[in-house]
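The values are calculated or read from the model by the stated rules, or taken from the named source; none is laboratory data. Note that the coordinates shown come from a computational prediction; the quantities given were computed from them, not determined experimentally. Only protein heavy atoms, including side chains, enter the accessible area calculation; ligands, DNA and RNA are left aside. Shrake-Rupley method; radii C 1.70, N 1.55, O 1.52, S 1.80 Å.
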Amino acid sequence: MSNPIPSTSKQFFDNVAIATFGMTKDEARQKAICVKCKEPASEKCHSAAGQREYEISCICEECFDAMEKL
């Protein structure tokens, strides 16, 4: 497994997530919800790629696909 993100970088990313979504990825992951729509991620990830994206970003497949269209 790779080294964890240094605390200063993690804090930066957490601050960006809180400012953007109102919660961190860790908080969304603990609740198993999408950081963007706040709904259960398992109900909104329909493919292996969508599940992987949630693991990376904590954004469900439906929200990720909608953001790509912008």
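Could you work out [θ]222 nm for the chain from helices alone, using -39500 (n - 2.57) per DSSP H run of at least four and dividing by all its residues? Round to the nearest 500 deg cm²/dmol. Rounded to the nearest 500, it is -17000 deg cm²/dmol. The alpha carbon convex hull volume per residue for the range 14-59 rounds to 57 Å³. Taking 0.36 nm per residue of sequence separation and removing the Cα-Cα distance, the Lys69/Gln30 pair yields an extension gain of 11.2 nm. A cut-off of 5 Å between modelled amide H atoms, ignoring neighbours fewer than 5 places along the same chain, links Ile33 with Ala41.
What is the distance in Å between the Cα centres of the range 30-70 and the range 8-29? Comparing the Cα centres of the range 30-70 and the range 8-29, I get a distance of 16 Å. For the chain, with all protein chains present and a 1.4 Å probe, just round the carbon and sulfur fraction of the accessible area to a whole percent. In the chain, the share of accessible area belonging to carbon and sulfur is 57 percent. Residue-wise HN-Hα couplings along the range 43-60, as the Karplus relation 6.51 cos²θ - 1.76 cosθ + 1.60 with θ = phi - 60° gives them from phi, are 7, 10, 10, 9, 9, 4, 5, x, 5, 5, 4, 4, 4, 7, 10, 6, 10, 5 Hz; Gly and Pro carry x. Per residue, the range 29-70 exposes an accessible area of 67 Å² to a 1.4 Å probe, with every protein chain left in place.
On full extension, the segment bounded by Asn15 and Ile56 gains 13.0 nm, given 0.36 nm per residue less the C-alpha separation.
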